Amino acid sequence: MTGPWRSVRRTAIAFSAANRSATVATWGAIVLAVVFAFVWETVLSIVQSLMLPANAAVPNWFHLLTRLNPKYFYIDANTLELGNAAPFYLEPWFGGVIVAGWLLVSLGLAYVLFERSDLA
């Protein structure tokens, strides 16, 4: 598995490690995959329709919300038509920071839950 799906897979593995039941872990991984593959765009559309005026330019923070999905972390600011004032979080290198954040947060949560669990 390559590309953006690698981080989704790692998040699913961390989710699996954080749950006692294989059934809960399986359904949780399926829900995470569905959210990031299909529901994310709907959530962004709702946010855009509720928080942004019609026919207004899309603000930079909204592009950051789009990039927080592991599937879209690699969006280049040059393709967004932002002009010369692209903030650092829309630069191509920041996609690596987003993926590192997904890895560290998911693996960190799994580690904390694993340490707190009773293995006996």
**Prompt:** Scanning region 1-44 for residues that are charged (D, E, K, R) and exposed (fewer than 15 other Cβ atoms within 10 Å of the Cβ), which turns out modelled with the lowest pLDDT?
**Reply:** Arg6
**Message:** For region 104-120, which positions are modelled with pLDDT of 80 or more, open to solvent by 40 Å² or more (accessible area, probe 1.4 Å) and touching a helix residue (DSSP H, G or I) at 6+ places or on another chain (Cβ under 9 Å)?
**Reply:** Val105, Leu107, Leu109, Tyr111
**Request:** Just give me the residues in region 54-74 being at pLDDT below 80 and within 16 Å of Ala37 (Cβ to Cβ), in sequence order.
**Result:** Pro70, Lys71, Tyr72, Phe73, Tyr74
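The values are calculated or read from the model by the stated rules, or taken from the named source; none is laboratory data. Quantities reported herein were computed from a predicted structural model and do not represent experimental measurements. Quick reminder, even Gly has a Cβ in these numbers, built from the backbone with ideal geometry, and neighbours come from all protein chains shown. The area values use the complete protein model at the heavy-atom level, side chains included, leaving out ligands, DNA and RNA. Shrake-Rupley method; radii C 1.70, N 1.55, O 1.52, S 1.80 Å.
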